[in-house]
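The next block holds one structure in the form of structure tokens; read it before the comments.
The values are calculated or read from the model by the stated rules, or taken from the named source; none is laboratory data. Since this is a predicted model, take the numbers as computed values, not measurements. Here the Cβ positions follow ideal geometry from the backbone for every residue, glycine too, while neighbour counts run over all protein chains shown. SASA here: full protein model, heavy atoms, side chains in, ligands and nucleic acids out. Shrake-Rupley method; radii C 1.70, N 1.55, O 1.52, S 1.80 Å.
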Amino acid sequence: MIDITLQNFEAEVLQASLKQPVLLDIWAPWCGPCRTLGPILEALEAEYGGRFVLGKLNADEQQEIAGQLSAMFGVRSIPFCVLFKDGQPVDGFVGALPRERIQQFLDKHVPAEAQLAADEAADEAGLLADEGNVDAALERLQEAIAIDPSNDAARLDYVKLLLQAGRTAEARVAYEPVAGKALGDTRVAAFGQWIEACEKAATARPVEALQAAIAANKRDFEARFELAQRLFAAQQWTAAMDELLEIIMRDKKWNDEAPRKAYVAILELMAKPAPRAAEPAPQSGTLEIAGKAVAAPADPVIDQYRRKLSMALF
């Protein structure tokens with residue numbers, strides 16, 4: 001439990017909520033229901049074992065923060081609790097609710113124990129992979145998936161490492177539980193395209209033969225697509241997109257738009273998620289309750305190839 005003030009609000013609420021949810025309890029010493037609610041919240045913080053952080057804000061001493069949150073949610077009474085996630089106030093409740101109701105509220109927003117453990121294992125796997133310890137990273141990702149089979153991010157990280165290690169058959173098996181999500185999730189779809197490229201590359205003609213076929217006939221789309229699949233499988237992203245673009249420019253609808261789908265998948269695999277961070281509190285003396293997402297720096301290569309695709313299609 002942390003006492004929140006104007007001075008530490010940005011660090012202990014906005015920034016902290018990027019890592020785990022923060023429940024801010026707005027109370028006052030004269031408030032009877034606040035004295036009832038406080039011990040329940042403190043007990044739940046301990047019971048949830050670090051899955052959320054409890055912040056306590058004295059409304060009499062921190063009127064600016066309390067006033068802004070009250071106005072934001074249209075609330076005029078205390079106790080008033082606001083839940084912050086990813087640098088933003090996302091939900092709240094008013095009054096000394098029963099313990100069961102508070103647990104229901106928390107469970108809507110706080111990660112389950114399995115999810116938290118799986119995320120920690122996946123984070124460790126990322127560090128191991130960065131150090132070049134691929135086998136250990138794969139083991140940790142297997143643990144993450146076993147703990148939380150619904151953790152798609154960990155599963156796709158596992159598939160990625162398997163593909164990079166040349167273990168395509170294992171990657172296919174690991175991917176199957178999420179394959180059905182490909183229609184609604186571009187990242188899942190991109191991994192499906194990558195696996196397919198690796199499978200086709202295993203039986204593709206030699207690069208020299210494919211290049212000779214293309215040199216003899218610029219419209220030999222079968223050879224060009226086969227070459228693109230080889231390059232895709234080898235993570236030669238831009239070279240693969242160059243070949244796919246040649247097909248798209250000549251025949252947008254060829255092979256049920258397979259070149260466009262592969263091209264889009266490569267762009268998705270090259271892109272990195274935008275980092276989240278709350279900006280420092282403004283120095284003018286005013287307070288911003290919500291953090292601001294920091295846009296990921298533009299990747300000139302990705303931007304260039306997006307423009308190329310757009311020009312080819314339109």
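Here is the figure for region 242-276: residues that are buried (at least 18 other Cβ atoms within 10 Å of the Cβ), under 18 Å from Ala215 (Cα atoms) and among the hydrophobic types (A, V, I, L, M, F, W, C) total 4. Annotation: Ala96 fulfils all but one of (1) more than 25 Å from Val13 (Cβ to Cβ); (2) over 20 Å from the mean Cα position of the chain (by Cα); the unmet one is (1).
The set of residues in region 52-75 being in a helix (DSSP H, G or I), more than 32 Å from the chain's Cα centre (by Cα) and either at pLDDT 95 or above or β-branched (Val, Ile, Thr) (or both) is empty. Across region 234-287, which residue is nearest to Ala16 (Cα to Cα) among those that are modelled with pLDDT of 55 or more and of a type in the set (Lys, Arg)? Once the filter is applied, the top-ranked residue is Lys272. Figure legend. Inter-residue proximity from region 300-314: first residues part of a helix (DSSP H, G or I), second residues small (Gly, Ala, Ser) and open to solvent by less than 100 Å² (accessible area, probe 1.4 Å), beta-carbon distance below 9 Å, spacing 6+ or different chains. Indicated pairs: Ile302/Ala271. Scanning region 44-71 for residues that are within 14 Å of Phe9 (Cβ to Cβ), in contact (Cβ under 8 Å) with a residue 24 or more places away in the chain and not polar (S, T, N, Q) yields a count of 10. Scanning region 165-194 for residues that are open to solvent by 30 Å² or more (accessible area, probe 1.4 Å), within 9 Å of Ala265 (Cβ to Cβ) and small (Gly, Ala, Ser) yields a total of 1.
Does Leu6 qualify as being surrounded by 17 or more Cβ atoms within 10 Å (Cβ to Cβ) and of a type outside the set (Phe, Trp, Tyr)? The answer is no for Leu6. Does Arg230 count as modelled with pLDDT under 95 and either basic (Lys, Arg) or open to solvent by 80 Å² or more (accessible area, probe 1.4 Å) (or both)? In short, no.
Beta carbons closer than 7 Å, at least 6 apart along the sequence or on distinct chains, pair a first residue in region 149-168 that is without any contact (Cβ under 8 Å) to a residue 40 or more places away in the chain and part of a helix (DSSP H, G or I) with a second that is surrounded by fewer than 17 Cβ atoms within 10 Å (Cβ to Cβ) and acidic (Asp, Glu) for Leu162/Glu170; Thr168/Glu199. The residue that is farthest from the chain's Cα centre (by Cα), among those in region 200-240 that are small (Gly, Ala, Ser) and not in a helix (DSSP H, G or I), is Ala204. Scanning region 87-127 for residues that are in a strand (DSSP E or B), free of Cβ contacts under 8 Å to residues at least 24 places away in the same chain and open to solvent by 20 Å² or more (accessible area, probe 1.4 Å) gives Val90, Asp91, Gly92, Val94. Screening Ile78 on (1) part of a loop (DSSP other than H, G, I, E, B); (2) modelled with pLDDT under 90 shows it passes everything except condition (2). Among the residues of region 169-199, those that are over 25 Å from Glu143 (Cβ atoms) and in a helix (DSSP H, G or I) comprise Thr186, Ala189, Gln193, Glu196, Ala197, Glu199. Selection of first residues in region 13-29 that are closer than 15 Å to Gln63 by Cβ and of second residues that are among the acidic types (Asp, Glu) and surrounded by fewer than 23 Cβ atoms within 10 Å (Cβ to Cβ), restricted to Cβ pairs under 8 Å at least 6 apart or on distinct chains, gives the following pairs, ordered by first then second residue: Ala28/Asp60; Pro29/Asp60. The set of residues in region 9-46 being more than 27 Å from the chain's Cα centre (by Cα) and either under 17 Å from His109 (Cα atoms) or surrounded by 18 or more Cβ atoms within 10 Å (Cβ to Cβ) (or both) consists of Asp25, Ile26, Trp27, Cys31, Cys34, Leu37, Gly38, Leu41, Leu44, Ala46.
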